[in-house]
Amino acid sequence: MEGLTEISSSMLFASFILYLVATFFFGFTIKDKTAERRKSSIAGSLAITLTIIGFITQVIYFITRWMASGNAPVSNMFEFVTFLGMCLVLAFIIIWFIYRLNMLGLFALPIAIIFIAYASVFPTEIPPLVPSLQSHWLWIHVTTVALGSGILFISFVAGLIYLIHGVDQSVRDVRSISLEIVLYIIFLIIGFVVVSSVFGAMHYNATFEYDLNGKTTQTEYTLPAIVAPYEGTLVTDGVMKPWFDTPEWMHGADAGRKFNSVIWSFIVGTLIYGIARLVLRKRIGATIQPLLKNVKPDLVDEINYRSVAIGFPVFTLGGLIFAAIWAQEAWGRFWGWDPKETWALITWFFYAAYLHLRLSRGWHGEKSAWLAVIGFGIILFNLIVVNLVLAGLHSYA
Amino acid sequence: MKHIKCECGHVNPEGTVLCEACGKPIEANQYIDGNDKKKLLNMRYEGSARRSTTYNKTIVDKVWNFFSSVKVAVWLIVIALIASGIGTIFPLEQYIPADAISRDPAIFYEETYGIFGKIFYQLGFHKLYSSWWYLILIASIGVSLVICSIDRFVPLYRALKRQKAKRHVTFINRQRLYSSTETVSNEEIQAVKEHLEKSRYRLKEEDNHIVAEKGRFSRWGPYVNHIGLIIILIAALIRTIPFFYMDDYVWVREGELRVVPGTDGEYYIQNHEFILDTYAEDDERFKDAIAKQGMIIPSNFQTNATIYKAGDAEVIGAEENLEKIGDFQISMNQPAKFGGYTLYQQGYQLNEFSKMSFKVYEMNNSEAEALGEFTVDLFDPKSEYELENGFNVEVKEYYPDYSLTENGVTSKTNDSNNPAFIFNLYTPENDNYETSFVGDVIGSAENLGIDTSVVELKPMADVIGTFAATVPGSEDNQYKILIDSIQFDRTSGLSIKKDYTLPLFVLGAIIFMIGVIQGMYWQHRRIWIHPKNNGILLAGHTNKNWFGLKKDIEKAIEGTSINMVEDQKEDE
Ligand code: HEM
C-alpha cells in the first residue's frame, strides 16, 4: 500500500518534469519559420512524444493512486485539480493530432503545469470518502466534467494565442490593457503557488482561535498572517503578528486564512510580475507577441470554436446530466441550486451563448477569443472561488 | 402570397433570398441576409424564406420576430446567467445554516451579511429560482426556443430537399471556398468523383454539374437539441403539480413504527436499527488524512428498516393489518424504492434525549443520599413534578434544544436535541422557592472536545451527571438538582419522494444529448463542381470545421490539375 502511494507520487512528479521539458521543445519549434506547419520538425515530434509520455506517466499516477485508496482519485482539491491538468493535456494531444499546431503546446502545457503545481498546494493525503460521496456516479460525473473542461480550456489557449498575436501593443487601450490583466492574473496564480510552496517546505504554521457561529474554532495558517480572522487571537508563539483583522462580513469557516492567502498571492504575484516588467521593459503581451508572428489567426480561431464544439457536449453530459443523476441517487433531488450546481449551469449557459453568437457574422475572430477567455474564467471561478469561498461562507461541502 | 419564379424555373415562396433549387440570389431580397454588403453569400439558412424575415406588419409578426431572433435568445440566456450568478452570492433560503443567528430570512441576511444581505433579501434573491421574474425569464427562453426553431426548421428543410446539383454561377463563385480551373479532363473529374465517394460523400449529378454532400443530418442537430430542452422545461412545469411530485421528511426512532408521510397512510416504516460507521483512525489508507483533519469521519449511515403496506386504510386500526413489503437497508446513495416512492437516508440524530432523571441533593453535602428524584419524559414534559419527600419541582422554563447566542438563551428547534431546564424547587417547610438551571449536556460534552454528531453519549450516560453542572439561580440555594441518568434515542431522518416527472427529464436529456452530438460532431459539407467551357469551377461550403472540408477537397483533387480552392473569407 505504502509502495503504491509512493510510486504514484513519483509518477506525478515525473509527468510534471516531462511536461516542462516538452514545453521547451515546443518553444524551439516556433523558430522554424520556414518549416511547414504540418511537416513537423524534429523538435516538434520530440515535443509531442514527450507530452504523450508525460501523459502516460500521469495516467500511471492516477491508476496507482486509485489502487492505493480504492476510490477514484478525484475527491479532493489536490486530486481533482491534478486530474484537470491531465485532461487539459489529453485534450491538447487530441487537438494536436487534428491540427498539428505546435504553438498550442507552448501555451497549453504551461497551463497544465500551473494546474498541477497549484494542486500540490492542497493536502495530498488520500481522503476517506464521506457516505454521500460513495457512489460510482461521483467519479463518472467528476471525470466527465474534467474532460469537458479540459477541452474547453483549449479554446482558451487558442483564444489567448489569437489575442497575443492580434492585439495592437503599440497603443494603450482597453484591449491591450485587458489582455495584460489576463496575463497578470496568471502571475497571481503563480505567486500563490510559489509562496505556498516556500512556506510549505518550511512547515510554517500559526494557529488562530476565532468565533464561528458562536463556537470557538481554530484555524491553521500555513502562511505568515498578514490578516487575522475577524476578532481572532493568535495562539502560536514566536510567529509573525497579524497586521489587521479580516473585515466583519468575511466570517465563514477559515475566511481569514483564505483572505490571507489571497493577499499573499497578490504580493508575491505582483512582485514577480513587476520584476518581469522591469527586466523586459514592456508589457508581457508585447514581449510574447513577436514569437507568434507565424500564427495564422483564422486557424487559431477555428481551433477556438472547434474545441468549444467538441467540449460543450462532454461538459453538458458530465456537469449537468451525470451530476443530476448522482444528486438524484444521493439526495433524491437532481437539482438543488447550490452554488456549485448553479455555476455549472452558468458555465453551460455561457458556452451556449458563445455557440449562438458564432452563428452570426461579426462574432468570429477577436470577439470569440475574448469569449473563450471569459469562459475559462468562469470555469476557474467555479473551481476556486465557489469551492474555497462561497462554499465556505455557506458552511457546507 | 407572392411567389417568386427563378430563371431556372423553380417557384420560390415570398421572402426567399437564394433560389431553393439553383441558389441564384433573388435581387430584391439580398438585404435580408446581408448579402448586398458582402461578396460571400450568407449560407446559414440556405437563403430560405423565413417567416421572421418576411413579415413584419401585424402584432403577431412583431412578437414572432422578437422571439425568433437569436440575438434576443442570447440576451435572455445572458440575463438568466447573470441572475443565477447573483443568486449564489449568499445562501438561498433553504440553505440558511441550522446554527445561524436566525432562520428567519428577514433577520438572517441583514444580520449576517449587513447591507448587502439586506438588499439581497429585499430583491428576493433568497428564493430567486422560484421568483416570478426568474420563471418568466426561463419561460421566455422556452417560447424563444420553440418559435426560433419553427421559424427556421421548415424553410431550411424545404431548401435542402429541393436543392439541385446544377447551381447558378453566382452561387458558386460567391462561396467561401472557391477555385476555377481552365482545362480539366474527363478522367480527372472521374478521379475526383471516386475520391469523394471514398470519403463517403453522396454525389448527385445533373448535366455534368455535380454536388457532393455529406452529413446533412447534422443540420437538424440544433432542432433536435431544442426539442430536448423544451421537454425538460415542460417536465419542470409539470413537476409543480402536486400529483406528479411529492417530497416529505420523517424522523423515526429505533424500534418505532410510523406511517410514512405523504403516502396517504398507505405505507408504514419500522426502524429496527440505525447504524453509523466511522473510519478507523489507524486505517492504513486514510490515517494521514484523518490525523490531519483531527476529527471522526463517518463512513456509512444506514437504517435497517421494514416497510409495510396498510391492509385497508378505511378500517380503523389499520396498523394491525400491516402487510410486509420488504426489509431494506437504506443508506446514502442506496435509497429504498417501493410502490413509486423512494426513501432516502438523509439525516440522523444520535443523541436525541428521550428521558432525563434528576436527583435532588443538599447543597454542600454531595456524599449524602439523594433527597428525592423525578424523571422528565421529554416527549411529554409536565409542568410540575411532585417528589416522594414532599418537595415540588416546577418547570419554569424548558428549552428542548438549548443554545446560548449573542441574543440570549433560545431553543434552536422544538426537538429534544439538547434539553435544558430552569426549575423552581418548593420545599414544604418554606414558602419561597429556589431556582436552578440544569441541562446543556451537549454543550458540556463539546467543551470537553467531543463531537456529538458522530460520538454517542449513551455509553457515558452513567457518568453523565458530571458533564452538566447545576447553575444555582440564587447564591444561597440550599439544594441542588443533578442529572442522574439520561435515555437517548437514535433517530433516523429519511426523506420520502415521489416523482413521476423523472422519465420526462430523462427523455429530454437524452434527446438534448443526441441533438448536440449530432450537430457538433458531424458537419454538413458540400462540394460543387460546375463545368465551364473546358474547365470547372469548384466550390465548397460547410456549416463548421472549414479546416476539415479543405482537407477533403485537397484529398479529392489529388493527382489532378484542378486548382485548390482559395479561402475567400473576408475580414470582418
Ligand atoms: C438556453 C438553452 C439553449 C441551448 C443550450 C441551445 C443550444 C444550441 C446549440 C448547441 C446549437 C447549435 C449551434 C451550432 O450548431 O453552432 C443551437 C443552435 C441554435 N439555437 Fe439554441 N440553444 C438554447 C436556446 C436557444 C433559444 C432560446 C433559441 C431561440 C431563439 C435558440 C435558437 C437557436 C438557433 C436559431 C440555432 C441555430 C440553428 C442553425 O443555425 O442551424 N437556442 N442552440
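The values are calculated or read from the model by the stated rules, or taken from the named source; none is laboratory data. These figures come from a predicted structure and were not determined experimentally. All Cβ positions, even for glycine, are placed from backbone atoms using ideal geometry, and neighbour counts span all protein chains on display.
Annotations
- Candidates B:144, B:149, B:130 - the one that is within 14 Å of chain A (Cβ to nearest Cβ) and over 21 Å from residue B:72 (Cα atoms): B:130
- Just so you know, in segment B:125-134 the residues that are surrounded by 15 or more Cβ atoms within 10 Å (Cβ to Cβ) and without any contact (Cβ under 8 Å) to a residue 40 or more places away in the chain include one that is farthest from the ligand (Cβ to nearest atom), and it is B:126.
- Taken together, B:87, B:47, B:114 contain a single residue that is at pLDDT below 85 and within 15 Å of the ligand (Cβ to nearest atom), which is B:47.
- Unique residue being more than 30 Å from residue B:352 (Cβ to Cβ) and within 16 Å of the ligand (Cβ to nearest atom) when the list is B:210, B:231: B:231
- For segment A:46-60, a residue qualifies if it is closer than 20 Å to residue A:147 by Cα and among the β-branched types (Val, Ile, Thr), and the qualifying residues are A:48, A:51, A:52, A:53, A:56, A:57, A:59, A:60.
- Cross-chain or 6+ apart pairs with Cβ under 9 Å, segment B:36-48 first and more than 13 Å from chain A (Cβ to nearest Cβ), then of a type in the set (Gly, Ala, Ser): B:46/B:23; B:46/B:159; B:47/B:23; B:47/B:159; B:48/B:15; B:48/B:159
- Restricting segment B:49-77 to residues that are among the basic types (Lys, Arg) and over 18 Å from residue A:363 (Cβ atoms), the residue that is nearest to the other protein chains (Cβ to nearest Cβ): B:50
- Looking only at segment B:539-572, residues that are under 20 Å from residue B:192 (Cβ atoms), part of a loop (DSSP other than H, G, I, E, B) and polar (S, T, N, Q) come to 3 in all.
- Pairs, first more than 7 Å from chain A (Cβ to nearest Cβ) in segment B:281-301, second among the hydrophobic types (A, V, I, L, M, F, W, C) and not in a helix (DSSP H, G or I), C-beta under 9 Å, six or more apart: B:281/B:296; B:287/B:280; B:295/B:454; B:296/B:454; B:296/B:455
- Exclusive hit being within 16 Å of the ligand (Cβ to nearest atom), out of contact with any Ser or Thr (no Cβ under 9 Å at 6 or more places or on another chain) and not hydroxyl-bearing (Ser, Thr, Tyr), set B:169, B:146: B:146
Here's the yes/no breakdown for (1) touching a Ser or Thr at 6+ places or on another chain (Cβ under 9 Å); (2) farther than 30 Å from residue A:182 by Cβ; (3) within 13 Å of chain B (Cβ to nearest Cβ):
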site	(1), (2), (3)
A:78	yes, no, yes
A:84	yes, no, no
A:89	yes, no, no
A:96	yes, no, no
A:117	yes, no, no
A:121	yes, no, no
A:132	no, yes, yes
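- Residues that are modelled with pLDDT under 80 and assigned to a loop (DSSP other than H, G, I, E, B), drawn from segment B:433-454: B:448, B:449, B:450, B:451, B:452, B:453, B:454
- Every residue from segment B:401-428 that is of a type in the set (Ser, Thr, Tyr) and within 14 Å of another protein chain (Cβ to nearest Cβ): B:402, B:403, B:405, B:410
- On inspection, residue A:277 qualifies as free of Cβ contacts under 8 Å to residues at least 12 places away in the same chain and away from chain B (no Cβ under 14 Å).
- Within segment B:78-96, being in a loop (DSSP other than H, G, I, E, B) and either surrounded by fewer than 15 Cβ atoms within 10 Å (Cβ to Cβ) or more than 8 Å from chain A (Cβ to nearest Cβ) (or both) holds for B:89, B:96.
- Tally, over segment B:377-416, of residues that are within 16 Å of residue B:352 (Cβ to Cβ) and polar (S, T, N, Q): 5
- Among residues of segment B:339-361, those that are more than 14 Å from chain A (Cβ to nearest Cβ) and part of a strand (DSSP E or B), counted: 13
- Number of positions in segment B:499-538 that are within 16 Å of the ligand (Cβ to nearest atom) and either touching a His at 6+ places or on another chain (Cβ under 8 Å) or in a helix (DSSP H, G or I) (or both): 17
- Of all residues making up segment A:282-307, the number that are part of a helix (DSSP H, G or I), away from chain B (no Cβ under 14 Å) and in contact with an Asp or Glu (Cβ under 8 Å, 6 or more places away or on another chain): 2
- Test result for residue B:220, away from the ligand (no atom under 16 Å from the Cβ), of a type outside the set (S, T, N, Q) and more than 14 Å from chain A (Cβ to nearest Cβ): no
- For segment B:234-246, the criterion of being more than 16 Å from the ligand (Cβ to nearest atom), more than 13 Å from chain A (Cβ to nearest Cβ) and either charged (D, E, K, R) or in contact with a strand residue (DSSP E or B) (Cβ under 9 Å, 6 or more places away or on another chain) (or both) is met by at least one residue.
Residue-wise test of (1) among the β-branched types (Val, Ile, Thr); (2) over 30 Å from residue B:302 (Cβ atoms); (3) at pLDDT 90 or above.
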{"position": "B:479", "(1), (2), (3)": "no, yes, no"}
{"position": "B:483", "(1), (2), (3)": "yes, yes, no"}
{"position": "B:486", "(1), (2), (3)": "yes, no, no"}
{"position": "B:491", "(1), (2), (3)": "yes, no, no"}
{"position": "B:504", "(1), (2), (3)": "no, yes, yes"}
{"position": "B:511", "(1), (2), (3)": "yes, yes, yes"}
{"position": "B:515", "(1), (2), (3)": "no, yes, yes"}
{"position": "B:519", "(1), (2), (3)": "no, yes, yes"}
{"position": "B:531", "(1), (2), (3)": "no, yes, yes"}
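- The residue that is farthest from the other protein chains (Cβ to nearest Cβ), among those in segment A:369-392 that are within 16 Å of the ligand (Cβ to nearest atom) and surrounded by 22 or more Cβ atoms within 10 Å (Cβ to Cβ), is A:372.
- Tally of residues being within 18 Å of residue B:236 (Cβ to Cβ), within 13 Å of the ligand (Cβ to nearest atom), more than 7 Å from chain B (Cβ to nearest Cβ) and of a type in the set (Val, Ile, Thr) across segment A:308-353: 0
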